[in-house]
Amino acid sequence: MLYTNLLYFLVAIFVFSTNTPAPRPALPPFWALAALAVVYWGFGRLAARMFHRSASGPAGYFSAEKKLSVLAVLVFAGCVYLLELKYYLNPLSLGGRLPVLADVAGLGCFFLLLILMWRAARPHYQRIFQRSYTPWAFVRSNVKANLPIILPWLTLSLVFDCLLLLPIPGLDGVLRSPWGDLVLFALFLLFLILVFPPLVRTLWGCTPLPPGPLRQRLRAFCQSQGFHSEMYVWPIFEGQVLTAGIVGIVPKLRYLLLTPALLETLNEEELDSVLAHEIGHVRHRHLLLYIALFLGFSLLAGAVAKPLPHLILSSDFFYRLLASLPVAPGNLLGILATLPLLVLILVYFRFVFGYFARNFERQADAFVFRALGTGWPLVRSFEKIALLGGGSREEKNWHHFGIGERIDFLQRCERDRSLIDRHDRRVRRHLLAYAVCIGLGVLVLQGIDVGKLSEGYETKYAEAVLMQKARQDPENSLWLLYLGDFLQGRQMEQRAIDAYEKALALTPMSAEINNNLAWLLITAQDKRLRNPERALTLAHTAALLKERGFILDTLATAYWANGLVEEAVATQLKAIRLDPENRVYYQGQMEKFRRQRWGE
């Protein structure tokens, strides 16, 4: 459950934190709030129906909870991207000084979906696990169970944002550099070592294993293995689940967690085999390796994220998609940049992280042979867990091998102990291959010249933004005027003329549109586009509407283009009187009118 919930929260955090809110939302605040209320109400109703249909026993309950958790992630993503949730929560970041506050609020919205799910689940949970809860107590217990998953991220984000607020010159640059990433990772590691274990123990409501013969015997077994850990009773799912776990890296902050059902169901030898499994995790340094796997993902995701926007902006697909969708360019860029990273999260944790997690569990299972000399006690433990746990013995698991697969491996090792060393060597080889692949991948991605990727995309992106504005506000000729000016400045003359013509059709009495189109029809580098007669008509109209120096300059040039030199000079003199600051330019124009013919 912990690994699966970790994946849900990772996706939710990523979706919200990488979303860039638009300057202006598509929906007014009232309608956005109403839509959010309807979405949350609908999710709560659906959760109640699904638990009513499926939660006849533990397996059905957990299946409904899993489906609804996935749905909660999808609904949350829809609220972020379609209802622009982050836009309304962004003011909480205090003007961008503490982004973590907006992220916490966003995560709270995801938690609210889960709370609606837990609220619907409570009656069925009470019936299945024979325990009575008030609605608030049940929700609180589930929130506390999931808090350890997100607290490392929240703590690290808060520390990072607070450090950026310190008035220390150059600190911002250091924190955003690779050195800053190393410092933050060191702080994250310290949190996991010193704070995380006691925090988990407290939030999960664990209590010390009571003094007595059982505690003494379990402690004696640990000491015989050269292992030290405090032992706690773990009341997960009212203690009725047969499971165990270990948290903590430092011996004095390491806790072995055992559920009451496990302690009551297994005999002494079987309990020893379960302890041997947990000790195997420590001996193989799996907790440190999990941290390394998270670090590897961070490095890979950071390396992928750097060139990704440049690749998207340099792709014609982006501009074709933008032309066919009513989405702001910035939002579309954000979505397209987020999707590959979201896929990377799912693929990495489902397959890479999941692969190593399964094989780490197999290594821990095999440690029972070193601790007890045989794997049969652990086989019997697994058989009891399969029988009493309500699940299928052959059911697969993305982060553990199925119980049937684990039993089969132990039985094969019982016949051939060399399988243990072969498995250990394979895990080491694959860890080395993983490190090499991550290292090479990061080096290759960081070696991409984003400057070359981005060459020319600024022009295409700016044009796409202006065209998007023109489509969104088709009655406003201003955007078409800006688009024409932009295209003319980049020698896209035919397209500029098209934009001006559309603008002129909307606002025929605009001095600027008439003037700019007239100028282009006189000065186009492509001589096939020139039309001095029409240019003169447009320039006359512009001068009648607004008499300005630059407009009179266009009119003078149009006279010249039509062979009317005297009129051109007279108009240019008038421009000098209206705009004396540009006298030198206008005088140069008059000299040109007198000495050469248009088109030469």
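Points worth noting:
- For the residues I522, I513, I576, the requirement of being touching a Pro at 6+ places or on another chain (Cβ under 7 Å) and buried (at least 17 other Cβ atoms within 10 Å of the Cβ) singles out I522.
- Helices (runs of 4 or more DSSP H) completely within the range 401-457 that count 2 or more residues being over 25 Å from the mean Cα position of the chain (by Cα) and surrounded by fewer than 11 Cβ atoms within 10 Å (Cβ to Cβ): 418-446
- Within the range 262-291, the set of residues being of a type in the set (A, V, I, L, M, F, W, C) and touching a Phe, Trp or Tyr at 6+ places or on another chain (Cβ under 9 Å) comprises L262, L271, L275, A276, I279, V282, L289, I291.
- Among residues of the range 481-511, those that are within 24 Å of K460 (Cα to Cα) and assigned to a helix (DSSP H, G or I), counted: 21
- Among the residues making up the range 364-382, a single one is polar (S, T, N, Q) and crowded, with 21+ Cβ neighbours inside 10 Å: S381.
- Of all the numbered requirements in (1) modelled with pLDDT under 95; (2) in contact with a helix residue (DSSP H, G or I) (Cβ under 6 Å, 6 or more places away or on another chain), I420 misses one, and that requirement is (1).
- Within the range 526-600, helices (runs of 4 or more DSSP H) holding 3 or more residues that are of a type in the set (K, R): 583-595
- The condition of being at negative phi and without any contact (Cβ under 8 Å) to a residue 60 or more places away in the chain holds for only one of L71, L85, L116, L112, that being L71.
- Just one of (1) surrounded by fewer than 18 Cβ atoms within 10 Å (Cβ to Cβ); (2) modelled with pLDDT under 90 fails for E268. It is (2).
The values are calculated or read from the model by the stated rules, or taken from the named source; none is laboratory data. These figures come from a predicted structure and were not determined experimentally. Neighbour counts are summed over all protein chains in view; Cβ atoms, including those assigned to glycine, are modelled from backbone coordinates with ideal geometry.
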